[in-house]
1. Can you tell me which residue is surrounded by the most Cβ atoms within 10 Å (Cβ to Cβ) among those in segment 190-219 that are touching a helix residue (DSSP H, G or I) at 6+ places or on another chain (Cβ under 6 Å) and not aliphatic (A, V, I, L, M)?
2. When segment 277-304 is examined, which residues are found to be charged (D, E, K, R), in a loop (DSSP other than H, G, I, E, B) and at pLDDT 95 or above?
3. So residue 108 fits all but one of (1) within 11 Å of the ligand (Cβ to nearest atom); (2) crowded, with 17+ Cβ neighbours inside 10 Å; (3) closer than 30 Å to residue 267 by Cβ; what number is the exception?
4. In this structure, is residue 259 modelled with pLDDT of 95 or more, surrounded by 16 or more Cβ atoms within 10 Å (Cβ to Cβ), of a type in the set (S, T, N, Q) and touching a strand residue (DSSP E or B) at 6+ places or on another chain (Cβ under 7 Å)?
5. State yes or no: is residue 274 of a type in the set (A, V, I, L, M, F, W, C) and either over 20 Å from the mean Cα position of the chain (by Cα) or part of a strand (DSSP E or B) (or both)?
6. Here is a list: 103, 114, 145. Which entry is more than 8 Å from the ligand (Cβ to nearest atom), small (Gly, Ala, Ser) and at pLDDT 95 or above?
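The values are calculated or read from the model by the stated rules, or taken from the named source; none is laboratory data. Please read all numbers here as calculations on a predicted model, not as lab measurements. Don't worry about glycine lacking a Cβ; one is built from the backbone with ideal geometry, like all the others, and counts go over all protein chains shown.
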Amino acid sequence: MKARILEILRREYDFHSGETLSRELGVSRVTVWKHIKALQESGYHIEAGGKGYRLTGSPDVPYPWEFPRREKLMHYHPELESTMGAARQMAREGCPAFTTVVAGRQTRGRGRMARSWQSEPGGLYFTLVLRPKLPVVDSPKVCFAAALALTETLREDVGVEAAVKWPNDILAGKRKLAGMLSEMEADGDLVSFVNIGIGINVNNDPAPAEPGAVSLCRLLGHDVSPVSILSAFLDRLESRLDPPSLDRAITDWKVFTTTLNRKVCVQTLQEEVCGMAVDVDENGALMVRTANQELKRVVFGDCFHKGE
Ligand code: BTN
């Protein structure tokens, strides 16, 4: 109902009478008023008077009703420990694919390699539950598709020159704009769910605590809409997960990476692998040619770009 009320109020910047709204929505004027009041309480500026209702401002918070096509799948919390925990529980309880848990801030945001992820208000923090029909060995394709969809969203919908560092850090130049964390559970050899957690520096300023990080608003000099980013990303990812697209995910990802054909050092759990990053194989592993011409296959680690 809130999505439909907003759709009508946004159609024309003018007053819309309670009677028109109630007729178009097929509910009583009292019901219309209750929803208007709830929207006002959620931060929407809606003038209410004798001429009806007029929307003069929206809070740009990823409330479910801001995603009309996906409303039932969207779960917004002003604050969570981590969207990963909430999404994992929902996935284990059988929630549908594309269920999305979003938090206004996280008190224990998690990063890769057991690090924490700074999650103050202004950033966009969410975890998406995916249920691709894939054997476990093919699950990395989903993470590459997500990194690719996010890079495309930032480049084409937001207008920043985002690039991806293996495996899925999103950078602007050398600074980190967004990070991605994935968790997978299997049912035998098949994927049961892959949860993709994404943190994007949008209107926050991560630099004081993380000097190597930057936000979209710092780069562009103006605020950016988290609702528009999330909506564009979900649409792009949905088409990237179509089986023919998904099969191309790693190949297409290579177009936007700055990791290949450069010197890197990758800190794995066992060792540090340094050399020239020459390729990413069909399972998403980074192929590094070391100084003694050995070709090493790295499946997991922290990648550092060396030199220019
Ligand atoms: C990285 O270290 O680069 C990955 C960061 C992932 C952060 C996101 S924010 C939303 C989701 N919830 C978390 O606790 N972490 C991920």
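1. Taking the candidates together, the pick is 197.
2. Selection gives 281, 294.
3. Residue 108 satisfies every listed condition except (2).
4. For residue 259, the condition - modelled with pLDDT of 95 or more, surrounded by 16 or more Cβ atoms within 10 Å (Cβ to Cβ), of a type in the set (S, T, N, Q) and touching a strand residue (DSSP E or B) at 6+ places or on another chain (Cβ under 7 Å) - is met.
5. Working: of a type in the set (A, V, I, L, M, F, W, C): yes; either over 20 Å from the mean Cα position of the chain (by Cα) or part of a strand (DSSP E or B) (or both): yes.
The answer is yes for residue 274.
6. 145
To keep it simple, each residue is scored yes or no on (1) free of Cβ contacts under 8 Å to residues at least 12 places away in the same chain; (2) exposed (fewer than 15 other Cβ atoms within 10 Å of the Cβ); (3) in contact with a strand residue (DSSP E or B) (Cβ under 7 Å, 6 or more places away or on another chain); (4) more than 30 Å from residue 104 (Cβ to Cβ).
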| position | (1), (2), (3), (4) |
| --- | --- |
| 230 | no, no, yes, no |
| 247 | no, yes, no, yes |
| 266 | no, no, yes, yes |
| 291 | no, yes, yes, yes |
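Condition check ((1) within 24 Å of residue 306 (Cβ to Cβ); (2) more than 10 Å from the ligand (Cβ to nearest atom); (3) not β-branched (Val, Ile, Thr)) across all residues:
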position	(1), (2), (3)
119	no, no, yes
126	no, no, yes
139	no, yes, yes
150	no, yes, yes
158	no, yes, no
163	yes, yes, yes
170	yes, no, no
178	yes, no, yes
